[in-house]
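I have placed the structure first, in the form of structure tokens, so that the comments after it can refer back to it.
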Amino acid sequence: MRVEQNWLRVFLFTTIVAFVCGSVIIVFTSKNPSLAMRWFYLGPLSNGYFFGNMLSGSIPLIFTGLAAVIAFCAGTFNLGLEGQLYFGTLWGTFVAINLTDTSTLLAMLIAFSVGALIGALCGLLKIVLKVDELLSSFLISLALIHITDYFLNNPLRDPLAGLSATKYVKESIMFSKILPPSNLHSGIFIAVTAVFLTYLLMNFTTFGYQIKVTGSNYEFARYGGIKVYRVWLSALFLSGGMAGLGGMIDVLGVHGRMIRGFSFGYGFNGIAVALIARNNPIFVIPAALLFSYLEMGTQISSIMADITPEISKILQATIFYLITAERLVQFIVRKKEKIHGS
Amino acid sequence: MFLVSEMSPHIEMREIYKTFPISHTIALKGANLCVERGTIHALLGENGAGKTTLMKILCGLERMDSGKIFLKAKQVSIRNHRDALKYGIAMVHQNLNLIEDFTALENIILQKMPPKYLLFFDSTKAKQMINNVMEQNGIFVDLQKKAADLPVAERQKVEILRVLYLGAEILIFDEPTSYLNELESEQFFKVMKKLKESGKTIIFITHNAQDALAVSDKITILRNGVTVYSSKGSRPSLSELTLMMAGETEIVRKQFTGYGSKKVLQVENLVFKSERQIVGPISFEIKEGEILGLIGFNSSGAVELTEAIAGMRKTLNGKITFHGKDITEKDMAERRKLGVGYIPQKKTQVGLSTKLPVAENLIINKYKELSCLGWLKYKEIGEWSNKLIEEFEIKVFSPWQPVETLSGGNMQRVVIAREVRSMPRLLIACDPTSGLDLRSVNFVHKKFLKLCEEGSSILMYSSDLDEILKICDRILIMSKGKLVAQYEKDPSLTKNKLIEAILSNESRAELA
């Protein structure tokens with residue numbers, strides 16, 4: 001609560017601290033620190049191409065971030081976002097390629113349902129067999145990633161493609177580009193809508209109330225007559241669905257086909273996004289943008305300056321750790337309390 | 001020399017101020033406290049008077065805004081609980097947070113283990129040291145038993161030994177008797193006296209003037225964050241004390257008016273499993289407008305019985321009929337819909353979600369009525385919450401403030417307000433007033449009686465026998481998972497009779 005009230009200030013402060021630490025790393029590793037820093041920090045904003053790519057890169061993160069927020073709010077941990085996204089997208093793409101009378105909506109629906117069913121499966125295991133969803137979701141997801149890779153390598157592989165990928169989907173069902181030549185596509189409006197809808201759902205509906213109560217104290221929820229199992233199940237269902245949807249929109253907007261490893265960690269990064277956003281759906285947008293911005297900065301500076309990809313990854317990770325550091329936030333809040341208190 | 005140290009105050013707290021900016025409350029407005037060495041000092045006051053806050057400041061768990069603390073006439077600054085411990089001040093926690101899987105010994109030495117070869121832990125030495133502590137103070141527990149197997153009173157002793165082992169000379173107890181029944185309280189008072197005999201100073205926070213009079217040498221009363229009384233010489237009477245604590249008080253007592261013949265609840269041969277034992281078979285019934293009291297020790301299964309009837313616990317066998325409907329297999333939600341209200345014993349763990357706002361805690365049994373097509377009607381939720389807050393005098397500055405910022409008594413009022421105001425046909429209440437001051441207790445009892453006048457029934461478990469005698473029409477006694485006795489309300493029934501009835505069925509060894 002207290003943290004949420006100060007969210008923006010805390011966010012800005014930690015970001016600045018993190019960036020200072022990042023700069024120190026650059027100074028120590030680069031022969032031309034000012035050039036490297038310029039590309040790392042300003043590169044993503046320097047032209048329309050990079051900026052558009054940054055925005056489009058944030059779209060799947062917004063979805064996985066929302067997916068994690070929904071699961072966390074209900075007090076469940078969905079660590080299987082990656083697998084749900086990957087597997088959901090596979091079947092969404094499969095339908096998009098093979099069904100003659102296909103549409104964007106149908107592909108999205110399939111990806112959503114497949115992801116959601118996997119999420120719900122973890123929920124079922126939790127309820128019926130008392131398997132911790134933290135483990136089951138993670139392990140199922142690991143297996144699904146390999147199964148998906150098999151499909152991409154063999155039955156669904158486009159023989160003409162040079163890498164493990166499916167055929168291209170029809171141009172007509174792709175999202176339209178907004179800022180060519182960058183990858184930015186109209187899927188971003190769906191992402192913003194999803195954020196808004198999730199916000200409404202969590203804060204203004206009885207279902208959101210049930211999720212909040214269950215997540216904050218499930219004994220109390222049970223005591224109050226809320227069907228805790230049903231809440232867990234539907235939260236994991238929605239969570240998995242969101243993840244699947246995020247991958248599908250990325251394919252329909254950017255790649256046009258499903259490529260092996262197209263998701264470089266959207267699932268796990270989504271969890272980080274949710275942590276930064278402190279489980280508030282609205283804050284998922286800035287958190288995802290920040291993530292995507294760092295990703296772009298990493299890529300650009302390794303091309304344009306003498307920072308190797310490894311160093312930029314370390315840089316990215318440092319900044320990230322610092323921002324997610326709960327301790328730091330608590331420290332700041334306590335400091336503020338003291339100032340107001342005296 | 002001895003006389004001097006006897007006369008001069010051991011601890012003195014002067015003009016302590018404390019505000020909590022988050023909840024906009026002023027907890028202490030210049031409180032004073034003066035405790036002499038080797039005495040039992042009662043810190044008395046109503047809920048929210050600032051007793052706990054004052055003691056937390058002394059223990060370094062909270063920091064004061066302004067004020068001075070003197071120890072043996074020297075000013076000290078206590079910044080954290082380590083500082084406090086350095087001066088020998090420690091609080092004995094009441095929630096009894098022992099690690100269940102550890103033995104008593106392991107729980108005691110957890111914070112400071114005697115090392116062996118720098119790396120390992122020297123259990124023989126530890127045992128020796130604790131045996132010394134036990135002998136010095138005359139408090140003994142079985143060190144080899146696991147915490148989970150110890151009864152409440154023994155667990156409390158383990159907590160006491162823990163702070164003694166850390167070198168505490170001044171022990172602070174926060175509402176030590178609120179979760180103990182009469183006999184356990186007696187046992188506990190004996191422990192306090194033993195500690196006093198071995199030279200320890202004891203400050204003991206309570207809202208119960210009777211307890212304060214029973215054991216303490218000196219009494220200080222706080223009201224709204226100010227010290228209104230500190231005892232010198234002659235001892236005040238019980239009524240004087242309560243008057244100073246609260247102002248007016250009246251005793252609420254249920255008049256036997258005769259209740260309807262309609263059965264509200266009928267329990268037949270109910271059997272269920274609790275953590276300790278199989279409880280049952282149990283059969284009883286409650287009539288319309290009746291308050292049925294249920295008493296028994298912690299091990300008797302009485303609390304678990306209330307949970308089973310409320311729907312929080314699965315039954316193995318038997319039948320529960322509510323207004324002619326079989327509800328044995330129905331879950332909490334359906335029972336609530338039929339008109340069962342429930343005040344659980346663990347109010348903060350089960351009865352509330354402390355991180356959520358007061359309003360969202362107040363509507364858990366009503367949120368569906370306060371919504372339209374799945375959308376919450378926030379305006380009506382706010383109005384409803386304000387109504388409850390006003391009616392039950394819950395001290396908040398906004399219904400949207402998180403419950404965790406309220407004082408313990410106010411949290412309890414949130415639970416009671418919600419359950420009573422939903423107009424249940426059967427209210428199951430488990431220790432509804434434990435930890436409340438006399439005025440609040442009367443307030444709650446009045447609400448209960450009003451419910452009964454309107455035709456509802458109440459099943460009440462309480463560890464406070466006075467409360468049971470005051471408002472119950474009929475009393476059931478449980479022991480070792482069975483119903484063992486039943487008393488109709490009549491004027492000749494006394495507390496001693498009830499205690500005897502419980503004891504005759506319980507092995508005395510378990511209490512000693």
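Quick one: how many residues across segment B:297-327 are open to solvent by 10 Å² or more (accessible area, probe 1.4 Å) and within 25 Å of the chain's Cα centre (by Cα)? Result for segment B:297-327: 9. If only residues of segment B:206-228 that are open to solvent by less than 40 Å² (accessible area, probe 1.4 Å) and part of a strand (DSSP E or B) are counted, the one that is nearest to B:Met91 (Cα to Cα) is B:Thr206.
Being in contact with a helix residue (DSSP H, G or I) (Cβ under 6 Å, 6 or more places away or on another chain), buried (at least 19 other Cβ atoms within 10 Å of the Cβ), touching a residue at least 24 places away in the same chain (Cβ under 8 Å) and under 20 Å from B:Thr201 (Cα atoms) is the requirement here; does B:Gly48 meet it?
no
Checking B:Lys347 against (1) of a type in the set (Lys, Arg); (2) open to solvent by 30 Å² or more (accessible area, probe 1.4 Å); (3) farther than 21 Å from A:Gly208 by Cβ: exactly one of these is not met. Which one? Only one criterion in (1) of a type in the set (Lys, Arg); (2) open to solvent by 30 Å² or more (accessible area, probe 1.4 Å); (3) farther than 21 Å from A:Gly208 by Cβ is unmet by B:Lys347, namely (2). Among the residues making up segment A:202-230, those that are assigned to a helix (DSSP H, G or I), farther than 19 Å from B:Ile309 by Cα, at the interface with another protein chain (Cβ under 7 Å from one of its Cβ atoms) and not hydroxyl-bearing (Ser, Thr, Tyr) are A:Phe204, A:Phe207, A:Lys212, A:Val213.
Please verify whether A:Ala325 is crowded, with 18+ Cβ neighbours inside 10 Å and either at pLDDT 80 or above or away from chain B (no Cβ under 14 Å) (or both), treating the condition exactly as stated. In short, no. Contact list please: Cβ distance under 7 Å, first residue in segment B:129-149 and part of a loop (DSSP other than H, G, I, E, B), second residue open to solvent by 50 Å² or more (accessible area, probe 1.4 Å), pairs at least six apart or on different chains. Partner pairs satisfying both residue conditions: B:Gly138/B:Lys194; B:Ile139/B:Lys194; B:Leu143/B:Lys127.
Yes/no matrix, rows are residues, columns are (1) open to solvent by less than 80 Å² (accessible area, probe 1.4 Å); (2) assigned to a loop (DSSP other than H, G, I, E, B); (3) outside the structural domain of B:Glu159 (by TED's automatic domain parsing); (4) at pLDDT 85 or above:
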| residue | (1), (2), (3), (4) |
| --- | --- |
| B:Met55 | yes, no, no, yes |
| B:Phe70 | yes, no, no, yes |
| B:Ala84 | yes, no, no, yes |
| B:Met91 | yes, no, no, yes |
| B:Asn95 | no, yes, no, no |
| B:Leu98 | yes, yes, no, no |
| B:Ile108 | yes, no, no, no |
| B:Thr124 | no, no, no, no |
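Look at (1) surrounded by 21 or more Cβ atoms within 10 Å (Cβ to Cβ); (2) over 24 Å from the mean Cα position of the chain (by Cα); (3) assigned by TED's automatic domain parsing to the domain that holds B:Arg413; (4) of a type outside the set (A, V, I, L, M, F, W, C) and you find that B:Glu369 fails only one, number (1). Annotation: B:Leu171 fulfils all but one of (1) open to solvent by 40 Å² or more (accessible area, probe 1.4 Å); (2) within 25 Å of B:Cys34 (Cα to Cα); the unmet one is (1).
Among the residues of segment A:120-129, is any assigned to a loop (DSSP other than H, G, I, E, B) and within 29 Å of A:Tyr229 (Cβ to Cβ)?
So the first thing to find is which residues in segment A:120-129 are assigned to a loop (DSSP other than H, G, I, E, B), and the list is A:129.
Applying the additional criterion that residues be within 29 Å of A:Tyr229 (Cβ to Cβ) yields A:129.
Among the residues of segment A:120-129, at least one is assigned to a loop (DSSP other than H, G, I, E, B) and within 29 Å of A:Tyr229 (Cβ to Cβ), which makes the answer yes.
With a requirement of 1 or more residues that are of a type in the set (Phe, Trp, Tyr) and open to solvent by less than 10 Å² (accessible area, probe 1.4 Å), the strands (runs of 3 or more DSSP E) lying completely within segment B:396-512 that satisfy it span B:457-461. When residues in segment A:310-321 are screened for being closer than 17 Å to A:Met37 by Cβ and either aliphatic (A, V, I, L, M) or touching a strand residue (DSSP E or B) at 6+ places or on another chain (Cβ under 7 Å) (or both), 4 of them pass. Scan segment A:237-262 for residues that are in contact with a Phe, Trp or Tyr (Cβ under 7 Å, 6 or more places away or on another chain), open to solvent by less than 10 Å² (accessible area, probe 1.4 Å) and not in a helix (DSSP H, G or I) and the total you get is 1. For segment A:163-183, taking the residues that are open to solvent by less than 50 Å² (accessible area, probe 1.4 Å) and touching a Phe, Trp or Tyr at 6+ places or on another chain (Cβ under 8 Å), the one that is farthest from A:Asn98 (Cα to Cα) is identified as A:Ser182.
Test A:Leu197 against the criterion of being within 14 Å of chain B (Cβ to nearest Cβ), open to solvent by 40 Å² or more (accessible area, probe 1.4 Å), part of a helix (DSSP H, G or I) and in contact with a Phe, Trp or Tyr (Cβ under 7 Å, 6 or more places away or on another chain), and give yes or no. So A:Leu197 does not fit the description; no. Only one of the numbered conditions (1) at pLDDT below 80; (2) under 13 Å from B:Leu44 (Cβ atoms); (3) among the polar types (S, T, N, Q) is not met by B:Thr220, and that is (1). Here is a check on your reading of the model: is A:Met242 within 18 Å of the chain's Cα centre (by Cα) and of a type in the set (A, V, I, L, M, F, W, C)? Yes: the conditions hold for A:Met242.
Listed here are the residues, each with its yes/no results for (1) within 12 Å of A:Gly253 (Cα to Cα); (2) open to solvent by 30 Å² or more (accessible area, probe 1.4 Å); (3) not in a loop (DSSP other than H, G, I, E, B).
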residue	(1), (2), (3)
A:Ile140	no, yes, yes
A:His146	no, yes, yes
A:Asp149	no, no, yes
A:Ala161	no, no, no
A:Thr193	no, yes, yes
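Scan segment B:194-205 and tell me whether some residue there is basic (Lys, Arg) and part of a helix (DSSP H, G or I). Checked against the condition, which is being basic (Lys, Arg) and part of a helix (DSSP H, G or I), segment B:194-205 yields at least one hit.
Of all residues in segment B:330-348, count the ones that are farther than 21 Å from A:Tyr218 by Cα and not aliphatic (A, V, I, L, M).
We begin by selecting, within segment B:330-348, every residue farther than 21 Å from A:Tyr218 by Cα; these are B:338-339.
Filter once more, keeping what is not aliphatic (A, V, I, L, M): B:339.
Total satisfying the criteria: 1.
For segment A:231-262, how many residues meet the condition of being of a type in the set (Ser, Thr, Tyr) and within 14 Å of another protein chain (Cβ to nearest Cβ)?
Here is the first cut: in segment A:231-262, the ones of a type in the set (Ser, Thr, Tyr) are A:234, A:239.
From what is left, the residues that are within 14 Å of another protein chain (Cβ to nearest Cβ) are A:234.
Qualifying residue count, segment A:231-262: 1.
Every condition in (1) within 14 Å of chain B (Cβ to nearest Cβ); (2) open to solvent by 30 Å² or more (accessible area, probe 1.4 Å); (3) not polar (S, T, N, Q) holds for A:Pro286 except the one numbered (1). When B:Lys330 is tested against (1) open to solvent by 10 Å² or more (accessible area, probe 1.4 Å); (2) over 17 Å from A:Gly224 (Cβ atoms), just one condition goes unmet, and that condition is (2).
Just for segment B:344-362: of the residues that are among the β-branched types (Val, Ile, Thr) and touching a Ser or Thr at 6+ places or on another chain (Cβ under 7 Å), which one is modelled with the highest pLDDT?
B:Val358
Against the condition more than 13 Å from chain B (Cβ to nearest Cβ), more than 30 Å from B:Lys355 (Cα to Cα) and assigned to a helix (DSSP H, G or I), how does A:Phe189 come out, does it pass? Walk me through how you get there before you give the answer.
Working: more than 13 Å from chain B (Cβ to nearest Cβ): yes; more than 30 Å from B:Lys355 (Cα to Cα): yes; assigned to a helix (DSSP H, G or I): yes.
Judged against the criteria, A:Phe189 is a match.
The values are calculated or read from the model by the stated rules, or taken from the named source; none is laboratory data. This one's a predicted model, so the numbers in the text were calculated from it and none came from an experiment. Don't worry about glycine lacking a Cβ; one is built from the backbone with ideal geometry, like all the others, and counts go over all protein chains shown. These accessible areas exclude ligands, DNA and RNA; they are computed on the full protein's heavy atoms, side chains included. Shrake-Rupley method; radii C 1.70, N 1.55, O 1.52, S 1.80 Å.
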